[in-house]
Amino acid sequence: MANEHRYTATVTWTGNLGEGTRAYKGYERHYDIACPGKPTVRGSADPAYLGDSERHNPEDLLVASLSACHMLWYLHLCAVHKVAVTAYRDVADGVLQANSDGSAEFGKVTLRPHVKIAADSCAETAMRLHERANAMCFIARSVNFPVEHVPEIAKG
């Protein structure tokens, strides 16, 4: 693996309704996220901040990034340790805490992966590998709040 990997994203505000930001409620919080060679993601602010509930907001994307990173590491570790995962679904949530100065920050994100493994796989190993995946996830290692995980393992 190379010592450095670069990722490029171009975020373009698309919410100018004609007057720019002359008035707080006079513009949309819409934006597009473009990464080279990939479909555009249409975003907005959270509805609490006058955003569009039908678009992804930065908070959604952060929680999803943590969940996806954990899952990808977990699947890798399971393959290496001969645990056959047959299904994986995570219901993750993050807690954003408002501060008195109007700012906010995540206090924690909790991942709740529901993992189905083959009948001949070891459930104890499958459970234990979540800790290792959490330690290896690039995104979890980069945030300044805890990323907890409450996994469930089922055989079948």
Go through the range 1-16 and count every residue that is in a loop (DSSP other than H, G, I, E, B), surrounded by 10 or more Cβ atoms within 10 Å (Cβ to Cβ), out of contact with any His (no Cβ under 7 Å at 6 or more places or on another chain) and not small (Gly, Ala, Ser). 1
Residue that is nearest to THR86 (Cα to Cα), among those in the range 109-156 that are β-branched (Val, Ile, Thr) and part of a strand (DSSP E or B): ILE117
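Here is a yes/no grid of residues against (1) in contact with a Leu (Cβ under 7 Å, 6 or more places away or on another chain); (2) more than 25 Å from PHE138 (Cα to Cα):
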| site | (1), (2) |
| --- | --- |
| THR14 | no, yes |
| GLY18 | no, yes |
| TYR24 | no, yes |
| TYR27 | yes, yes |
| ASP32 | no, no |
| CYS35 | no, no |
| PRO39 | no, no |
| SER53 | no, yes |
| GLU59 | yes, no |
When you look at CYS122, is it within 26 Å of TYR7 (Cα to Cα) and either surrounded by 12 or more Cβ atoms within 10 Å (Cβ to Cβ) or within 15 Å of the chain's Cα centre (by Cα) (or both), yes or no? no
Looking at the range 64-73, can you tell me whether even one residue there is touching a helix residue (DSSP H, G or I) at 6+ places or on another chain (Cβ under 8 Å) and among the aromatic types (Phe, Trp, Tyr)? yes
Yes or no: the range 94-108 includes at least one residue that is free of Cβ contacts under 8 Å to residues at least 12 places away in the same chain, part of a loop (DSSP other than H, G, I, E, B), closer than 18 Å to ASN144 by Cα and more than 11 Å from the chain's Cα centre (by Cα). yes
Run LEU75 past the list (1) in contact (Cβ under 8 Å) with a residue 60 or more places away in the chain; (2) farther than 25 Å from THR8 by Cα and report the number of the one that doesn't hold. (1)
I'd like to know if the range 45-57 contains one or more residues that are more than 19 Å from the chain's Cα centre (by Cα) and either assigned to a helix (DSSP H, G or I) or among the basic types (Lys, Arg) (or both). yes
Go through VAL147, VAL91, VAL115 for me and flag whichever is surrounded by 15 or more Cβ atoms within 10 Å (Cβ to Cβ), under 30 Å from TYR49 (Cβ atoms) and either at pLDDT below 95 or within 19 Å of the chain's Cα centre (by Cα) (or both). VAL147
In a loop (DSSP other than H, G, I, E, B), among the hydrophobic types (A, V, I, L, M, F, W, C) and in contact (Cβ under 8 Å) with a residue 12 or more places away in the chain: is that true of ALA23 in this structure? no
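The values are calculated or read from the model by the stated rules, or taken from the named source; none is laboratory data. Just so it is clear, the structure is predicted and the values come from calculations on it, not from any experiment. With ideal geometry, Cβ positions are generated from the backbone for all residues, glycine too; neighbour counts draw on all protein chains shown.
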